[in-house]
Amino acid sequence: MKKHISILLVVALLLVGCGQQSEALSGGQNGGTYKLPEPITVVEDEDTPKSATFEEKKPETVSLGGDEAAESKKAEPWDGKTKENTFKGDGFDITFQLQNTWEGGFTANVVIKNTGTKKIRNWEVEFSLPSGIMSLWNAQLTGTDTGGYTVKSSEDWNRDIEVGKTVEFGFNGQKNFDGFPAKYKLSGELVDADATPAPATQAPNQNDPNATQDPNASEDPEVDADDDIEDAEITSGNQFKKHGRLKVKGRYIVDESGKAFKLKGVSTHGIAWFPQYVNKSAFKSFKKWGANAVRLACYTSQGEQYNPSKDWKTIDKGVKAATELGMYAIIDWHILQENNPTMTTARAKKFFKHFAKKYGKTKNVIFEICNEPNGCDWKDVKKYAKKIIPIIRKYTNNIIVCGTPTWSQDVDTAANDRLTGKYTKNVCYTIHFYAATHKDNIRDKVKYAFKKKLPILCTEFSICDASGNGALDKSSANTWIKLFKKLKIGFFTWSLCNKAESSALIKSSCNKTGGFKKSDLTSAGKWFISKLK
Ligand code: IDC
């Protein structure tokens, strides 16, 4: 007989001063595999409970607020080196992995392991973090008002933590990393290990009551491209001389003869940081391996990231190089830290007016109007798109790519409420994935949107995790590319640079900026070119 016991796991533990240092994160730049640092044993404060306790009573809310939260903010500052911190509770562990840091932000992954004898269902974790959360994936951020954060399992696919197994979620911090969480509280229901799994909600989007759902979507896509759409035969040589101006037809990107054209390209890293890779010789190497397009990523935050007097010239250089090589080129307005594209409308208007006017007559240029909206609503993205699309359309009918919410993952939302009327012509929508983080749950969104006939283009992906670093997940990445090939969806990989992170295509030890050989590529680079055939 199934016995559901509600439990409360309370952990109030200061995790500061953990003293030990883990090895620094280093990606797979030398063709090697990424290794997670060894877990760190937490030095517990004598006054704090040594372990969490299960209590056979209904979950209660234990507040992190007031004095406790204030105290947590006094946590010792980060030592600048430690990358991982594990708390061992009674029946569970929580490991906080710092994956990437940069000026003004960081990416973290939190792994909850069930070390008990019953599965933990509908888990919820509270923790306080001085640095603050900007956005979160693979779970729901349900509270930020207690001086800490509450993160809950996603309803459909990771609500159970099976015995001995883990679930994880990730997020970006909105300031410099400033120390590990000072406290955790985990709550959930304890369920007998052999109990029926929690019912999986298959609907990737809940807004459309008429949406047909595929109960076996994870195992079998059960989506197919239309029989009557032929693939364009892609050979080497000048792509747009042969295929002309690309268009959106139904859910496909097609060439001038109406055949499905699969864009396959490389994205630059931010052109402000790595302008040296925006050159003909670099693009040519990837063309030789089978790429037919490039994406020029122009980060948009003012200051270090966006400097029109430099970046516009780099874009000109990139478009010229792609054009001479007969490749398609995406000009990408790379919003990221400016999470809501409407924050950039004034600058974006100038940017797209300039480039649409300049390249609107050029058959090979595509305009991507907002890389990754995040922490904002689809209606904000639509509002922004309706301001920018007409500016571009004044000069050209070339394809426009529109970002979708949650770092361009919510194609299901776009499919349920797409742009209409004069805003739809030759407009397609973005899916982005990082294979080690984004799996069936995001692939299901693509299948759903495809069934709803949404035209989709993957303008950015990598085979590592969402931080752009971490271990490569080739199995997940292969599943993604298989799906894209089946659905005739184009894809661009991140990124053409030699930064010491596992998404970089060029080894960090390689100082060449063009004329690459296969041996100059990282594991991610080698894997990618194997998918271009
Ligand atoms: C990452 C870069 C990294 C840089 C960081 C912040 O790989 O070197 O420090 O941005 O600028 C995205 C973004 C893309 C991110 C990438 C990896 O579009 O700009 O690049 N990523 O985090 N979305 C999901 C992952």
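Bear in mind these aren't lab numbers, they're just calculated from the coordinates by the rules spelled out. Note that the structure is a prediction, hence the values are computed from the model and not measured. Reconstructed Cβ throughout: ideal geometry from the backbone, glycine too, with neighbour counts over all protein chains shown.
Structural remarks
- Semi-axes of the equivalent ellipsoid for segment 430-533, Cα gyration tensor, largest first, Å: 26, 14, 11
- Counting neighbouring beta carbons within 10 Å and listing from fewest to most, the residues Glu162, Glu338 come out as Glu162, Glu338.
- Note on Ala193 and Arg347: the extension gain reaches 50.0 nm, defined as 0.36 nm multiplied by sequence separation minus the Cα-Cα distance.
- Cubic angstrom per residue, convex hull over Cα atoms of segment 289-417: 114
- Distance from the alpha carbon centroid of segment 80-107 to that of segment 118-139 works out to 13 angstrom.
- Label-zone membership for segment 257-300, site Ser236, 7 angstrom Cα→C-beta point, backbone N under 14 Å: 284-292
- For segment 491-517 versus segment 227-278, the inter-centroid distance based on Cα atoms is 22 Å.
- Over 27 Å between alpha carbons, listed pairs Lys317/Lys517; Lys241/Lys310; Lys165/Lys453; Lys357/Lys512; Lys425/Lys488; Lys152/Lys383: Lys241/Lys310; Lys165/Lys453; Lys357/Lys512; Lys152/Lys383
- Footprinting exposure proxy for Lys288, Lys118 (fewest neighbouring C-beta atoms within 10 Å first): Lys288, Lys118
- Net charge of neighbours whose Cβ lies under 9 Å from the Cβ of Val151, counting Lys and Arg as +1 and Asp and Glu as -1: -1
- Each part reduced to its alpha carbon centroid, segment 373-426 and segment 285-314 end up 21 Å apart.
- Fewest-first ranking of Lys152, Lys485, Lys119, using other Cβ atoms within 10 Å as the exposure measure: Lys485, Lys152, Lys119
- Restraint check, Lys363/Lys422; Lys259/Lys485; Lys313/Lys350; Lys264/Lys447, Cα-Cα greater than 18 Å: Lys363/Lys422; Lys264/Lys447
- Taking the Kirkwood radius as Rh and the Cα radius of gyration as Rg, segment 341-428 has a ratio of Rg/Rh equal to 0.95.
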